[in-house]
Amino acid sequence: MRTDVDSLLERSGKIPAWLDLPDPKGFRPKRKYRTIWISDVHLGTRGCNAAMLVDFLRSVECQTLYLVGDIVDGWRLRKGWYWPDAHNEVIRRILKMAHRGTRVVFIAGNHDEMLRDYAGLTFGGVELVLEAVHETLDGRRLLVTHGDAFDGVVLYHKWLAFLGDKAYGMLLRANIAFNAVRRRLKMPYWSLSAYMKKKVKNAVQYVCSYEEAVASEAINRGFDGVVCGHIHCAEIRQFGGITYYNDGDWVESCTALAESLSGEIAIIDWVAETGGHDHASPAGVPSGAATPAGTPTETPARVGA
């Protein structure tokens, strides 16, 4: 369902001029995909790696782009406004993709849950939904959902989720300072927060339980697989007859999920691919010192227990 704003803009011809501006000349040819999934960008927070995401989006073309929740962090923005131009550039890039023919589907997450009231509407060519169904090239039906509905902490103890969010925010701020020192030493980006999460993963068994809960829902509803985000852990695993996909995040790991034109689905690790150095300035303008990325790094489907 389109909004009156969309129709009015089309009739008046008042489309923002920047939508039709050519992209800056890049160092890498754009890679073409059938589908790309990204989530957990957390625009509005200092931990968001917006410049890296802009660099990634400038490097790809796709028929369908799924924004799988927590693109904007409403929880943070309610506490204080933080929105540098790099975050604007992410929005501009997504709207440009929609304007140029990419189908863009936004599944609202728990951090941008304020958008759930507008599910069913289209804004600037971006479809806003609660969940989606994606059909792969080989005919498999995948449930696409942010995944917070399967997080027992968020679902049953929201106050605990907010408390955990505060502690996580402190860890991300430490991560920013840590990487600022690494940049001065000309060292690549490395996620302290992701490392700490992996160290405690086996102790709490949180990630495994979450993956099993999401996969179980997909099985019960007759899907062939499920794509989600929420826990910031990119993964492809097999659960019985269905495949669980998680596209990761753009706060810690800077990963996306992509379906190639021939139908293969893999994880793209943008930190590994760029050596931890984004090729876009904070304002989204390519740096003159940037060099071509190396061989594309994609993680193929991994079957796990």
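Scanning the stretch 221-253 for residues that are in a loop (DSSP other than H, G, I, E, B), touching a Ser or Thr at 6+ places or on another chain (Cβ under 9 Å) and closer than 13 Å to Val144 by Cα yields Asp224, Gly229, His230, Asp247.
Say whether the condition of being at pLDDT 70 or above and closer than 30 Å to Leu19 by Cβ is met by at least one residue in the stretch 176-189. Walk me through how you get there before you give the answer.
Step one: filter the stretch 176-189 for residues at pLDDT 70 or above, giving 176-177, 179-189.
With closer than 30 Å to Leu19 by Cβ added as a condition, the list becomes none.
Taking every residue of the stretch 176-189 in turn, none turns out to be at pLDDT 70 or above and closer than 30 Å to Leu19 by Cβ.
Between Ala272, Ala256, which is of a type in the set (A, V, I, L, M) and at pLDDT 95 or above? Can you show your working first?
Values: Ala272 fails: at pLDDT 95 or above.
When all the criteria are applied, what remains is Ala256.
The set of residues in the stretch 63-79 that are among the hydroxyl-bearing types (Ser, Thr, Tyr) and within 14 Å of Val41 (Cα to Cα) contains only Tyr66. The residues of the stretch 53-80 that are in contact (Cβ under 8 Å) with a residue 12 or more places away in the chain, surrounded by fewer than 22 Cβ atoms within 10 Å (Cβ to Cβ) and farther than 19 Å from Arg103 by Cα, listed by number, are Gly74, Trp75, Arg76, Leu77.
Contact map, the stretch 29-41: first residue over 18 Å from Gly147 (Cβ atoms), second residue not in a strand (DSSP E or B), Cβ cut-off under 7 Å, separation 6 or more or different chains; pairs are Lys30/Ser59; Arg31/Ser59; Arg31/Pro296; Lys32/Leu261; Tyr33/Leu261; Arg34/Leu137; Arg34/Leu261.
Which is more than 16 Å from Leu53 (Cβ to Cβ) and touching a residue at least 60 places away in the same chain (Cβ under 8 Å), of Ala108, Ala119, Ala132, Ala86?
On the way: Ala108 fails: touching a residue at least 60 places away in the same chain (Cβ under 8 Å); Ala119 fails: touching a residue at least 60 places away in the same chain (Cβ under 8 Å); Ala86 fails: more than 16 Å from Leu53 (Cβ to Cβ).
On inspection, the qualifying residue turns out to be Ala132.
Looking only at the stretch 111-139, residues that are in contact with a Lys or Arg (Cβ under 9 Å, 6 or more places away or on another chain), assigned to a loop (DSSP other than H, G, I, E, B) and buried (at least 18 other Cβ atoms within 10 Å of the Cβ) come to 2 in all. Say we look at the stretch 111-132 and pick out the residues that are of a type in the set (D, E, K, R) and more than 17 Å from the chain's Cα centre (by Cα); which of these is nearest to Lys30 (Cα to Cα)? Among residues in the stretch 111-132 that are of a type in the set (D, E, K, R) and more than 17 Å from the chain's Cα centre (by Cα), the one nearest to Lys30 (Cα to Cα) is Arg116. Ser262 - would you say it is in a loop (DSSP other than H, G, I, E, B), more than 15 Å from Glu212 (Cα to Cα), polar (S, T, N, Q) and modelled with pLDDT of 95 or more? So Ser262 passes the test.
Filtered by the rule that a residue be under 15 Å from the mean Cα position of the chain (by Cα), assigned to a helix (DSSP H, G or I) and not aliphatic (A, V, I, L, M), the stretch 93-110 gives a lone residue, Arg93.
Does Arg76 satisfy the criteria of being over 19 Å from Trp270 (Cβ atoms), charged (D, E, K, R), touching a Leu at 6+ places or on another chain (Cβ under 8 Å) and assigned to a helix (DSSP H, G or I)?
Numbers: over 19 Å from Trp270 (Cβ atoms): yes; charged (D, E, K, R): yes; touching a Leu at 6+ places or on another chain (Cβ under 8 Å): no; assigned to a helix (DSSP H, G or I): yes.
Here the answer is no, as Arg76 does not meet what is asked.
Please go through the stretch 98-147 and pick out each residue that is touching a Cys at 6+ places or on another chain (Cβ under 8 Å) and among the aliphatic types (A, V, I, L, M). The one that is touching a Cys at 6+ places or on another chain (Cβ under 8 Å) and among the aliphatic types (A, V, I, L, M): Val144.
Evaluating Arg34 against the criteria (1) surrounded by fewer than 20 Cβ atoms within 10 Å (Cβ to Cβ); (2) in contact with a strand residue (DSSP E or B) (Cβ under 8 Å, 6 or more places away or on another chain); (3) assigned to a loop (DSSP other than H, G, I, E, B) leaves one unmet condition, (3).
The values are calculated or read from the model by the stated rules, or taken from the named source; none is laboratory data. In this text the structure is predicted, and so the values were computed from the model without any measurement. We place every Cβ from the backbone using ideal geometry, glycine too, and count neighbours over all the protein chains shown.
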